[in-house]
Amino acid sequence: MKSGSNLEKVLTEGHFAVTSEMGPPKGTSADFVRKTAEHLKHCCDAMNVTDNQTAIVRMSSLAACAILRQMGIDPVMQMVTRDRNRLAMQSDILGAVALGIRNLLCLTGDHQKFGNHPTAKNVHDIDSIQLEQMIKTMRDDGLFMSEDKISGDVPIFIGAAANPFADPFEFRVLRLAKKIKAGADFIQTQAVFDIPRFAKWMEMVRDQGLHEQVYILAGLIPMKSVGMARYMKKYVAGLMIPDELVERMAGTSDAKEEGVNIACELIEQIRDIPGVRGIHIMAVAWEEIVPGIVERAQLLPRPIV
Amino acid sequence: MIVGEQKPLEEIKELVADHERILVLGCGTCVTVCFTGGEKEVGILASSLRMATKIDGQGKVFDEQTVQRQCEWEFLDTIEEEIKEHDLILSMACGIGVQAIVERFPRARVAPAINTTFLGLPEEHGLWTERCAACGECVLHRTAGVCPIARCAKSLMNGPCGGSQDGKCEIDPEVQCAWQLIYDRLKAQGRLDQMLEIMPAKDWSTSRDGGPRRLVRQDLRID
């Protein structure tokens, strides 16, 4: 075991993993974190906490993860390279371990232009691949990036993102290989709507044997309305939504129900693709829908490991 | 070249508000080439300011001058008297020119009429784009001659990120994804294996992060 996290145990025991995600509040309420987490607690193996998602300031991922730990939840702390330099990141990783956080997802982060502080300076001292490498060195060699020795263990299950829908497509598998080389233990992908493209990507992943070197969890975003579908299709770079799904969302009288139907169908199709080891449901600001989806997808109860 | 852009006239009017005798001072090098602060632009700005301040009922004098390079003291020395005769030097050079005047003539009051925008090149007529961040540790040999520090919005050393689509950067459909360019060039040259190597964390100490930089060339020192 690299970290002993619940997520790592579920995956190593061969279960089809379910992770979900919460966005901390734009404020100070620990109750908000607890209430949101309550919705998700019993239907996932680990819970991601976003790190100033879309460059909008929120309660820190570290603090919200600490609250989840108090609730007995296995958090996946997201960390973007946009807001911190190598000193701050290493220091937060030490703090995270001290608070019982065992999973960390390494991300670059959306550009600050999209957030509520567009005039901010970004950091990008290191990039997400270098962050993975840094954590691996901290964990496996007990060394900081400076090669100074760390006191105590750094048991972290290292996560990375992959986007099969961004360009250049042929490079996306090579980039995954690069992330594995850097230290990624598990992957959470961008939300999958376009099954043929995702299946093609997975085929390329299998051709290189990468599915045996890293646990791949396919991302899923339940759609709440046709407006949301259209917005994501048009404005979110690196997200592909087939017209057919947008039309289904437009042509229904109960968009939320149709969104859930689509989510469940996607899970079923994703599960049929060899090499996929789990699903990562991102329903930020619609967390209450997740238990129903997981139940309908027959992924309940979650294994106790 | 160093590329600059003139500040809005309203802002420049505020800069000259408390002054009577103003020398609009151009530079004959980079900002001339990018049509921002050469002799011609000095003439246009000085006339605009004469008209604008006349309308506002202010009796200000705007004189014009352009030196070959504002960033070298020897060129500034040729206009020492003119500088001393004016109570404000409105510099149309880059930030280096402004500071060169201040250092050579400690009593001179200097204000910048342009914003120094970046180190770049003219891509098309009327379009300049950034190419270099002067980071002090060039990696262009590893990135097919395309700079990820200056041209990737996140200065990624191991790109492209998930925001690259159709060759464009997530920040703006007008901005090319630097890593797509790097990928295309390496692929065309049969050197894609280069992109599989993990580029190590950058040493930023050679960049601005190491503090103000200086360069000493012993072979050129006189003493």
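The values are calculated or read from the model by the stated rules, or taken from the named source; none is laboratory data. Just so we're clear, the structure is a prediction, and the values are computed from it rather than from any experiment. Ideal geometry is used to build each Cβ from the backbone, glycine not excepted, and the neighbour counts take in all protein chains shown.
Take the conditions at pLDDT 95 or above and out of contact with any helix residue (DSSP H, G or I) (no Cβ under 8 Å at 6 or more places or on another chain) and apply them to residue A:124. Does it pass? Walk me through it before giving the result.
Working: at pLDDT 95 or above: yes; out of contact with any helix residue (DSSP H, G or I) (no Cβ under 8 Å at 6 or more places or on another chain): yes.
Against the criterion (at pLDDT 95 or above and out of contact with any helix residue (DSSP H, G or I) (no Cβ under 8 Å at 6 or more places or on another chain)), residue A:124 qualifies.
If I ask for residues that are within 21 Å of residue A:240 (Cβ to Cβ) and without any contact (Cβ under 8 Å) to a residue 12 or more places away in the chain, which ones from the stretch A:262-305 would you list?
Listed by number, the residues that qualify are A:265, A:272.
Condition (residue is touching a residue at least 60 places away in the same chain (Cβ under 8 Å) and among the aromatic types (Phe, Trp, Tyr)) applied to the stretch A:211-232: is it met by at least one residue?
The answer is yes, given that some residue of the stretch A:211-232 is touching a residue at least 60 places away in the same chain (Cβ under 8 Å) and among the aromatic types (Phe, Trp, Tyr).
How many residues are in contact with a strand residue (DSSP E or B) (Cβ under 9 Å, 6 or more places away or on another chain) and surrounded by fewer than 24 Cβ atoms within 10 Å (Cβ to Cβ) when one looks only at the stretch A:203-212? Working first, answer last.
If we filter the stretch A:203-212 for residues that are in contact with a strand residue (DSSP E or B) (Cβ under 9 Å, 6 or more places away or on another chain), which is where we start, we get A:205, A:210-211.
Remaining after also requiring surrounded by fewer than 24 Cβ atoms within 10 Å (Cβ to Cβ): A:210-211.
Number of matching residues: 2.
Can you tell me which of (1) within 14 Å of chain A (Cβ to nearest Cβ); (2) under 28 Å from the mean Cα position of the chain (by Cα); (3) surrounded by fewer than 10 Cβ atoms within 10 Å (Cβ to Cβ) is the one residue B:207 doesn't meet?
Single failed check for residue B:207: (3).
Out of the residues in the stretch B:170-202 meeting the condition of being out of contact with any Lys or Arg (no Cβ under 9 Å at 6 or more places or on another chain) and more than 15 Å from residue A:171 (Cα to Cα), tell me which one is surrounded by the most Cβ atoms within 10 Å (Cβ to Cβ).
B:202
Check every one of the strands (runs of 3 or more DSSP E) wholly within the stretch B:108-223 and list those with 1 or more residues that are among the acidic types (Asp, Glu) and closer than 18 Å to residue B:1 by Cβ.
Values: elements: B:110-112, B:114-124, B:127-132, B:172-176.
Because the criterion is at least 1 residues that are among the acidic types (Asp, Glu) and closer than 18 Å to residue B:1 by Cβ, the strands (runs of 3 or more DSSP E) in the stretch B:108-223 that meet it are B:114-124, B:127-132.
What residue, of A:137, A:189, is touching a strand residue (DSSP E or B) at 6+ places or on another chain (Cβ under 6 Å), under 26 Å from residue A:75 (Cβ atoms), polar (S, T, N, Q) and surrounded by fewer than 20 Cβ atoms within 10 Å (Cβ to Cβ)? Break it down stepwise before answering.
Numbers: A:189 fails: surrounded by fewer than 20 Cβ atoms within 10 Å (Cβ to Cβ).
Residue meeting the stated conditions: A:137.
Could you list, in sequence order, all residues of the stretch A:137-159 that are within 11 Å of another protein chain (Cβ to nearest Cβ) and of a type outside the set (Ser, Thr, Tyr)?
Hit for the stretch A:137-159 is A:145, nothing else.
Return the only residue of A:79, A:59 being in contact (Cβ under 8 Å) with a residue 24 or more places away in the chain, in contact with a Cys (Cβ under 9 Å, 6 or more places away or on another chain) and away from chain B (no Cβ under 14 Å).
Numbers: A:59 fails: in contact with a Cys (Cβ under 9 Å, 6 or more places away or on another chain).
Criteria check complete, one pass: A:79.
Provide a single number: the residues in the stretch A:213-240 that are among the small types (Gly, Ala, Ser) and in contact with a strand residue (DSSP E or B) (Cβ under 9 Å, 6 or more places away or on another chain). Spell out how you get there, then give the answer.
Within the stretch A:213-240, the subset among the small types (Gly, Ala, Ser) is A:218-219, A:225, A:227, A:229, A:237-238.
When the remaining residues are screened for being in contact with a strand residue (DSSP E or B) (Cβ under 9 Å, 6 or more places away or on another chain), the result is A:218-219, A:237-238.
Counting residues in the stretch A:213-240 that are among the small types (Gly, Ala, Ser) and in contact with a strand residue (DSSP E or B) (Cβ under 9 Å, 6 or more places away or on another chain) gives 4.
Here is a yes/no grid of residues against (1) within 16 Å of residue A:47 (Cα to Cα); (2) within 14 Å of chain B (Cβ to nearest Cβ); (3) at pLDDT below 95:
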| site | (1), (2), (3) |
| --- | --- |
| A:211 | no, no, no |
| A:217 | yes, no, no |
| A:220 | yes, no, no |
| A:275 | no, no, no |
| A:288 | yes, no, yes |
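Name every residue in the stretch A:166-212 that is closer than 29 Å to residue A:258 by Cβ, outside any helix (DSSP H, G or I) and among the aliphatic types (A, V, I, L, M), in order of residue number.
A:166, A:187, A:191, A:192
What is the residue count in the stretch A:100-112 for residues that are surrounded by fewer than 23 Cβ atoms within 10 Å (Cβ to Cβ) and away from chain B (no Cβ under 14 Å)?
Of the residues in the stretch A:100-112, 1 are surrounded by fewer than 23 Cβ atoms within 10 Å (Cβ to Cβ) and away from chain B (no Cβ under 14 Å).
Using beta carbons and a limit of 7 Å, which pairs, at least six apart or on different chains, have the first residue in the stretch A:115-126 and in contact (Cβ under 8 Å) with a residue 40 or more places away in the chain and the second one of a type in the set (Phe, Trp, Tyr)?
That search, which allows pairs on different chains as well, returns A:125/B:204.
Could you list, in sequence order, all residues of the stretch B:127-167 that are within 8 Å of another protein chain (Cβ to nearest Cβ), over 20 Å from residue A:128 (Cβ atoms) and not small (Gly, Ala, Ser)?
We begin by selecting, within the stretch B:127-167, every residue within 8 Å of another protein chain (Cβ to nearest Cβ); these are B:153-167.
Those left that are additionally over 20 Å from residue A:128 (Cβ atoms): B:166-167.
Scanning the stretch B:127-167 gives a single hit, B:166.
Taking residue A:97 and the conditions (1) within 14 Å of chain B (Cβ to nearest Cβ); (2) surrounded by fewer than 23 Cβ atoms within 10 Å (Cβ to Cβ), which numbered condition does it fall short on, given that it satisfies the others?
(1)
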